[in-house]
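Structure first, commentary second.
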């Protein structure tokens with residue numbers, strides 16, 4: 001016997017395939033046309049959004065580094081892993097929004113899309129407030145647990161406290177930006193982020209160079225820009241005319257929509273937090289090498305983020321394209337979508353990694369002007385993590401494909417064992433025995449490789465099981481309608 005939910009899905013698809021799915025010029029159609037062109041057109045704005053976001057975030061570090069020295073770079077960089085640990089749990093729910101909306105939109109269930117939109121905004125507000133509270137009041141405690149250098153801890157604490165004031169706005173923006181991407185519009189989030197990012201840079205320069213502030217100035221600029229981005233994305237959704245239109249009077253929790261978001265979003269949040277937890281432990285190990293290594297690592301980590309934009313772009317594409325095609329019952333396009341996303345991710349990551357490696361010294365020099373030793377440390381990180389980063393890209397694409405298929409718990413379990421658990425074991429075994437920064441960085445490509453292998457096996461097992469079940473139920477439904 002097949003589940004009632006799956007039967008209803010097949011019956012619903014058979015009745016909704018002919019429903020019109022009106023798309024604006026900004027929307028890509030994942031259900032029809034050439035996938036190479038469509039995925040490229042979808043992913044490039046997502047990648048540009050990531051690149052711009054990183055550029056604006058890097059501006060924080062560059063401006064404060066040039067004005068206040070490499071220690072200020074370390075103060076900002078030391079907060080990254082702990083911020084991600086707190087934030088990623090809630091950001092994971094935005095994945096639940098993206099998957100749920102893309103699936104319902106692909107199936108033509110426009111009423112459900114509307115309920116998901118309003119539930120998403122309500123969830124983002126509550127999650128943002130909780131996140132702000134935890135981050136603001138726990139900042140120094142978390143940094144002390146990580147054994148943050150005494151030269152950095154006061155500045156890092158101040159940066160985190162101000163930064164977390166932006167969490168309600170950041171959550172609303174991320175949840176709302178997931179909605180247009182889920183229906184095929186990746187251009188609008190790019191436009192919004194570009195505008196907010198320009199504001200961020202302007203305020204960075206004003207607060208640091210004119211007002212004489214340091215890490216507190218760049219944190220305050222981030223807060224202002226995040227609230228601007230939130231307002232603009234809400235205005236965009238409120239002005240839309242389709243099923244994803246936002247009505248402020250309708251913002252509330254819908255039980256079924258919230259359940260759908262949580263079923264996918266909670267494991268995705270755990271997934272992100274587990275990776276962040278392992279990175280917190282790694283950051284603690286980095287802190288033990290002293291402030292020079294911390295400073296170089298922070299600058300290299302910021303540069304490395306530009307490579308990650310490629311994997312994130314095609315991760316998002318995999319979620320949207322596979323989610324919509326699954327909703328529409330077009331299983332033949334699911335495998336093709338995965339292959340195209342993996343191909344593009346590999347090409348873009350290799351190119352970006354090569355550029356980063358060959359220009360590593362001058363790039364690091366933009367961040368750090370007063371420590372050649374810190375730059376040398378940064379080059380080591382770029383070499384050992386940046387060059388093999390394409391493996392991380394493949395891992396993210398397969399993970400996005402699994403989310404699009406509706407799987408969320410199983411990828412989290414695999415990540416817990418193969419990535420997070422492996423990293424922790426590595427730190428207390430191999431790194432404990434051979435205590436060098438290179439041995440510490442080596443854990444990244446190895447854990448990516450192990451995770452990618454098992455996630456790929458899981459994807460194909462799940463895909464063929466769902467395809468077999470779908471075909472049988474489709475045949476049964478066709479017989480019953482004769």
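Assign one of three labels to the stretch 281-394, namely rounded, prolate or oblate, based on the Cα gyration tensor with a ≥ b ≥ c the square roots of its eigenvalues; rounded applies when a/c is under 1.5, prolate when it is not and a/b is larger than b/c, and oblate otherwise.
prolate
Figure the gain on full extension for residue 32 and residue 434 (residue separation times 0.36 nm, minus the Cα-Cα span) and round it to one decimal in nm. The partial results should precede the final answer.
Values: separation 402, 0.36 × 402 = 144.72 nm, distance 5.32 nm.
Here the segment from residue 32 to residue 434 would lengthen by 139.4 nm.
Measure off 7 Å from each Cα along the Cα-to-Cβ vector at residue 288 and residue 40, then give the distance between these two points in nanometres to one decimal.
Inter-label distance under the simple model: 4.8 nm.
Please sort 107-114, 226-233 by packing, taking for each peptide the average over its residues of neighbouring beta carbons within 10 angstrom, highest first. Kindly include the intermediate steps, with their values, before the conclusion.
Working: 107-114: 19.0, 226-233: 22.0.
Sorting 107-114, 226-233 by mean packing, highest first, produces 226-233, 107-114.
As a footprinting exposure proxy, order 292, 387 by other Cβ within 10 Å, with the fewest listed first.
Values: 292 19, 387 16.
The fewest-first ordering by Cβ neighbours comes to 387, 292.
Indicate the gyration tensor shape class of the stretch 155-226 (rounded, prolate or oblate), computed on the Cα atoms with a ≥ b ≥ c the square roots of the eigenvalues: a/c under 1.5 is rounded; otherwise a/b larger than b/c is prolate and the rest oblate.
oblate
Rounded, prolate or oblate: which fits the stretch 372-456, taking a ≥ b ≥ c as square roots of the Cα gyration tensor eigenvalues, rounded meaning a/c under 1.5, else prolate when a/b beats b/c?
Values: a/c = 3.45, a/b = 1.72, b/c = 2.01.
Verdict is oblate for the stretch 372-456.
Sort 423, 103 so that the residue with the fewest other Cβ atoms within 10 Å of its own Cβ comes first and the one with the most comes last.
Working: 423 22, 103 29.
If I rank by nearby Cβ atoms, fewest first, I get 423, 103.
Taking 7 Å along the Cα-to-C-beta vector as the label spot, tell me the residue 372-residue 332 distance in nanometres, rounded to one decimal.
6.3
Every number here is computed from the coordinates shown, using simple stated rules; none is lab data. It should be emphasised that the depicted structure is a prediction, and the values quoted were computed from it without experimental measurement. Don't worry about glycine lacking a Cβ; one is built from the backbone with ideal geometry, like all the others, and counts go over all protein chains shown.
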